[in-house]
Each structure stands twice: as structure tokens, then as C-alpha cells.
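Step one of this worksheet: look at the structure below.
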Amino acid sequence: MTNKRFALDTNILIYLEGNDVDKRSISEDLLSFAPVIPSQVVTEFLNVTRRLRNISKLQAMNEAAALFADCVIAPMQNSTINLAITLIQKYDFQLFDSFVVALALESDCEILYTEDMQHGLLVNKKLQVINPFAAT
């Protein structure tokens, strides 16, 4: 899809579990490029997929470890919290979204693929929000 460094939000990854063939295919394609996965997204993904599939914590963790093996997991730091505060003040992001965006910015991503934010939004003149399912 792109040769730019990018991050994925939880809502994109959830389609890996769904019945929408087109969205699942796009999600699989994006994941194949070894994107940045914000640590916030890992925990949200585990929580949602465990609930959707009614699997054990251990099974969910093992599957996530395999799924994200080639990805870069962006860790949360003290600076992430401060950046998230700034992003909320500037863009009025939701709490969880502010951490995902902050982690993508701290990981030098140029794109964040998500359905949850304004398609095309340019954050801090650096990170473009893109809905990969939006008609182009």
C-alpha cells in the first residue's frame, strides 16, 4: 500500500477476525508490511478478540505474539503521556486515540491507518490519518 512508515489502529486489525472479505484482505495486506503497532493497540486488540472469539487469555496472547512477530511494537513512555495531553488539547482526540496517535508520532510514522478519526487529517504537520476502506 505504501513505502512510508505507518501504524495501525485497533479497528483495522479487528477486521482480521471478521466476515467482511474485502476489509479483511486490506487488513492482512497492511499487516504484511510489518507496520508499527502502538502498545495501546496491542492491549485493545487482545481485549476485543478475546471477547469476540471467547478464547483464553493465554491463547489470545500466543496468537497476538505470532501475529505481531514481524511488527514494531511502539512502547509507551512518559513522553507519550505528555504528547497525548498536547494532542487532546490541540485536536480534541478521544483518550485512547490520543495515545495511538502519540505513539505513531513518536515512532516516526507518516501514516496512521484507522477508521476512528477524520480521514485525511494531518496531525502536527507529520502524521496523516487514513481510512484504508474509504473510497478513493
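So how do 6-19, 55-68 stack up, highest first, on mean other-Cβ count within 10 Å? Walk me through the numbers on the way to the answer.
Numbers: 6-19: 20.1, 55-68: 13.2.
Ranking, from highest mean packing down: 6-19, 55-68.
Just to be sure I understand: of the beta bridges DSSP finds with both ends in the chain, what percent are antiparallel, rounded to 5?
Percentage antiparallel, nearest 5: 15.
Based on DSSP H runs of at least 4 residues, each adding -39500 (n - 2.57), what is the mean residue ellipticity at 222 nm of the chain after dividing by all its residues, to the nearest 500 deg cm²/dmol? Walk me through the numbers on the way to the answer.
Working: 6 runs with 68 residues, N = 136.
Helix-only estimate at 222 nm: -15500 deg cm²/dmol.
When Lys and Arg each count +1 and Asp and Glu each count -1, what net charge do the other residues less than 12 Å away from Phe96, Cβ to Cβ, add up to? Intermediate results must be reported in sequence, preceding the final value.
On the way: positive: none; negative: Asp9, Glu44, Asp97, Asp116.
Result for the local shell: -4.
With a 10 Å Cβ neighbour count serving as the proxy for reagent exposure, in which order, fewest first, do Arg51, Arg5 appear?
Working: Arg51 10, Arg5 15.
Lowest count first: Arg51, Arg5.
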- Query: From a point 7 Å beyond the Cα of Arg51 in the direction of its Cβ, which residues of the range 63-86 have a backbone N at a distance under 19 Å?
  - Reply: 64
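What helices does the chain hold that run 18 Å or longer along their axis, going by alpha-carbon atoms, with a Kyte-Doolittle average of -1.0 or more, using DSSP H for the helix calls? Intermediate values should be presented prior to the final figure.
Working: long enough: 39-53 (21 Å, -0.21); 78-91 (20 Å, 0.36).
Those that clear 18 Å and a mean of -1.0 are 39-53, 78-91.
What dipole magnitude, in Debye to the nearest 20, does the chain give about its Cα centre under +1 on Lys/Arg Cβ and -1 on Asp/Glu Cβ? Mind showing how you got there, number by number?
Numbers: 11 positive and 16 negative charges, 41 e Å.
So the dipole magnitude of the chain works out to roughly 200 debye.
Once you list every other residue whose beta carbon is under 13 Å from the beta carbon of Val21, what net charge do they have if Lys and Arg are +1 and Asp and Glu are -1? Write out the running numbers ahead of the final one.
On the way: positive: Lys23, Arg24; negative: Glu17, Asp20, Asp22, Glu28, Asp29.
Here the charged neighbours net out to -3.
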- Full-extension gain in nm, Arg5 to Thr43, via 0.36 nm per residue minus C-alpha separation: 11.5 nm
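How do the peptides 116-123, 37-44 rank, highest first, by the average count of neighbouring beta carbon atoms within 10 Å per residue? Kindly include the intermediate steps, with their values, before the conclusion.
Details: 116-123: 14.2, 37-44: 22.0.
Listed from highest to lowest mean packing, they are 37-44, 116-123.
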- Ordered by packing density, taken as the mean number of other Cβ atoms within 10 Å over each peptide's residues, highest first, how do 96-109, 22-35 rank? 96-109, 22-35
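Since every read-out is calculated from the coordinates, none of them should be taken as a lab result. Everything numeric here is computed off the predicted structure, so don't read it as measured data. Neighbour counts are summed over all protein chains in view; Cβ atoms, including those assigned to glycine, are modelled from backbone coordinates with ideal geometry.
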